[in-house]
1. Under a plain spin-label model, where a point goes 7 Å from the Cα along Cα-to-Cβ, how far apart in nm are B:LYS124 and A:ASN49?
2. Describe numerically, in nm with one decimal, the distance between label points set 7 Å from Cα along Cα→Cβ at B:ASN38 and at A:VAL199.
3. Explain nothing, just compute: Karplus ³J(HN,Hα) = 6.51 cos²θ - 1.76 cosθ + 1.60, θ = phi - 60°, for every residue of region A:181-197 in order, whole Hz, x for Gly and Pro.
4. Given H placed 1.01 Å from N in the peptide plane, which residues other than close sequence neighbours of B:TYR34 have an amide H under 5 Å from its amide H?
5. Please compute the net charge surrounding A:ILE256, taking Lys and Arg as +1 and Asp and Glu as -1 over other residues with Cβ under 13 Å from its Cβ.
6. Got the relative contact order for region A:107-266 handy, in percent, Cα pairs under 8 Å and 6 or more residues apart?
7. ³J(HN,Hα) across region A:219-236 via Karplus (A = 6.51, B = -1.76, C = 1.60, θ = phi - 60°), whole Hz, x for Gly/Pro?
8. How high is the FRET efficiency between A:MET149 and A:LEU250 when r is their beta carbon distance and R₀ equals 41 Å, given to the nearest 0.05?
Amino acid sequence: MISKPLLKATIKQNFMIFLIILAVLMLYLPIIIAMYDPATQDSLEEVLNLLPQGLISAMGFNNLGTSLLDFISSYFYGLLILLLPMIYTIIICNRSIASHVDKGSMAYLLSTANKRTTIARTQALFIIVSTSIMIGIVTLVGIILSNIMFPGKLDVPGFLLLNLGALLLYYSITGIGFFASCLFNDTKNSLMIGAGIPVAFLVIQMISDIGEKTSFLKYFTLFTLYDPSKIISGDSCILQFITLIIIAVLMYTIGIYVFDKRDLPL
Amino acid sequence: MSIIKITGLTKDYGNQKGIFDLTFNIEEGEIFGYLGPNGAGKTTTIRHLLGFLKPDKGGSQILGMDCRLKSAEIMKNLGYLPGEIAFFDGMKGMEFLNFMGEMKGLKDTSLRDRLVDMFQLDTKGRIRKIFILTFEDASSATDFINNSPFDIIEANNKTVKLGILGNVTELIKALDKYKVLDLDTEKSSLEDIFMHYYGDLNISQKSD
């Protein structure tokens, strides 16, 4: 089903970039949690009011509620969680297939008795599992830190749901990246689609948040399906989550199929 | 028994490039040199044998199995030395050999160690930094470690000039193996290489 030696080699290949991105996330998370102070929330809001509303919205700081979860969700899950792990997933998606085809190392992988589908499945598994571990660590550390700094203040089920949504969003984004990696012969094109589309989605998301006039843009970005303020306010997000899962399953399945069937320039 | 069987193999890249209705067999025990000018379609043929390409018409078989559909199965009995060498960034020589051994499902490392010794390989250095000759040697070693019944070797001018094929031909003798050589090079560089030209090629399209 999968190739263990390849999985091992891929883990080793991407270990460093995983650690670096995780370290940056772990740098921001404690700072943001520590910044929470119910008493100063009001004065913070005053400061933010001095800034143009559009700028604040674009940064995802819309929902400045008073609970710890409100605070984390707007400061960490508004932009940082969309941006930082995305750098990691863009790199590993490109490395998974396209980079091997581009460099020619795919010829070595296929010269062993492993089917193309086995190679592709192994790489897909790595992307899915390592991304899950990254979001999982963020979730765990978020809960632990919150409970150390503000015991009992964090709405844990809400926080878990917030992270589940982020994870599902990443499944579909990496699905797009993986599909592009399977489809193209070179890193250049793989990145143009695999990095271009998620980054464009993010930029469109930021612009559509600015105000009424631009809000129609939300129909052109996948990130609309992940709305932190809605998730924590208890609105049903099952439909959005299911959509994200469907996109992910489709992209990964088609990616593996395309890679299995197409001509390789090795 | 025909080890390799190519029947009416056609891959049209347009502009009269590609291979057209190629038919020949390679028998067991044969050392086969596959020659032609640049663009004649030698590499395209090899890519079909390795299962990288889907033919427009016709097909190829190795050991009676369809090359495109059963490539993983075929690879159990086939060694392949790519013309270009590229691998995971930062892998060391021995890591690379171990990795390829594991990917091929090999438990016995005695042949590998013999080859490392024979090539006098520097297996401690990072592949990227090792001198190109060692790099190519490491690559040849990965091809030979599973001691498959026969191998496909792509060679180019660089490999010939660096004397790699000298080593390879020594190995062919030492291991008593059957080889298919794809020699992408000028005839003058080929004088030292022993090979047997099999005269039933049917390449209907030739460039240059």
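FYI, it's all coordinate maths here, none of it is from the lab. Predicted model, so just to flag it, every value in this text is computed and none were measured. FYI the Cβ positions are ideal-geometry reconstructions off the backbone, even for glycines, and counts take in every protein chain you see.
1. With each label point 7 Å from Cα toward Cβ, the separation is 6.9 nm.
2. Label-label distance for B:ASN38 and A:VAL199, simple model: 3.6 nm.
3. Running phi through 6.51 cos²θ - 1.76 cosθ + 1.60 with θ = phi - 60° gives 5, 6, 7, 9, 8, 9, 4, 4, 6, 4, 6, 4, 8, x, 9, x, 5 Hz.
4. Counting only residues 5 or more places away or on other chains, the set is B:LEU181, B:LEU183.
5. Numbers: positive: A:LYS115, A:ARG116, A:ARG121, A:LYS261, A:ARG262; negative: A:ASP260.
The answer is +4.
6. Working: 144 pairs, mean separation 48.8, N = 160.
RCO, region A:107-266: 31 percent.
7. Residue by residue, region A:219-236 yields 7, 10, 9, 5, 5, 4, 6, 10, 10, x, 5, 5, 4, 7, 7, x, 4, 5 Hz.
8. Values: r = 41 Å, r/R0 = 1.00.
In this case the efficiency is close to 0.50.
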